[in-house]
Amino acid sequence: MEDLKVPAQPLVTESSRRRGQRRSIARVIGALALVGSMVVLGVGPVGADETTTTTTTSTTTTTSTTVPPTTVPPTTVPPTTVPPTTVPPTVPPTTPPPPVIDMRGLPAGSGEGRRVVYSVGQQRVWWVEANGLVSNVYPVSGKAGTPKPGHYSVFSKSVTTTSVNGKARMNHMVRFAHGRGAAIGFHSIPVDRRGRPLQSEAELGQYRSAGCVRQRNSDAALLYLWANVGTKVVVVK
């Protein structure tokens with residue numbers, strides 16, 4: 001009968017047993033640490049065929065900052081000081097000198113004071129003011145030798161009148177002398193019954209009348225206003 005051989009048992013020492021306990025404790029601690037990490041990350045147990053995917057969610061926190069409105073203090077504008085305006089002394093208006101009108105040709109010895117001077121020879125009329133200045137002068141058309149030289153005065157006026165025979169009409173008649181059967185006066189250029197003038201203004205300065213003194217229409221109207229009844233008329237050669 002053969003003897004049975006019992007395998008030799010390894011000799012377990014106290015130090016070996018303690019090292020084994022420490023390794024076991026280390027494994028347990030490692031396993032616990034791994035489980036704790038998985039719990040924190042929200043990952044379940046991982047199988048052999050599973051791929052571990054770690055999703056990191058980034059959360060952006062928006063902070064709203066309310067800025068209080070800026071209060072601008074009112075600006076005070078200082079009052080504008082306007083310097084006083086110095087008004088220059090008022091210079092009294094000077095009286096302009098009377099207009100210098102051509103005095104040449106005014107016949108000598110034609111009287112004094114405010115008057116109308118009519119030269120039969122020159123076929124020209126002058127208006128002489130009270131101060132001796134001539135205010136107007138222009139050519140006319142009358143009749144040679146009519147009226148006679150002398151001193152007359154305005155005795156009648158008519159806005160419109162007719163010739164003795166009634167064939168002509170004239171305006172602004174200023175009568176100052178008497179002729180044979182009719183008065184003699186200053187008036188506008190006569191027109192016939194059809195309204196045609198008996199002469200042109202260019203012909204003034206020539207003898208063209210039967211006795212009265214013809215004037216440019218505008219001059220006749222002005223003389224009608226200037227020479228009132230009683231105004232002196234001096235007729236010279």
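The values are calculated or read from the model by the stated rules, or taken from the named source; none is laboratory data. Since we're looking at a predicted model, the values are computed, not measured. For neighbour counting, all protein chains shown are included, and Cβ atoms are generated from backbone atoms with ideal geometry for every residue, glycine included. Heavy atoms of the whole protein, side chains included, go into the accessibility calculation; ligands, DNA and RNA do not. Shrake-Rupley method; radii C 1.70, N 1.55, O 1.52, S 1.80 Å.
Out of all the residues in the range 99-115, is one or more at pLDDT 95 or above, open to solvent by 30 Å² or more (accessible area, probe 1.4 Å), of a type outside the set (Lys, Arg) and farther than 19 Å from ALA227 by Cβ? No - not one qualifying residue is present in the range 99-115. Looking at THR94, THR86, THR90, THR80, just one residue is of a type in the set (S, T, N, Q), modelled with pLDDT under 70 and part of a loop (DSSP other than H, G, I, E, B), and that residue is THR80.
Of the residues making up the range 200-231, those that are assigned to a loop (DSSP other than H, G, I, E, B), farther than 11 Å from VAL140 by Cβ and not small (Gly, Ala, Ser) number 3.
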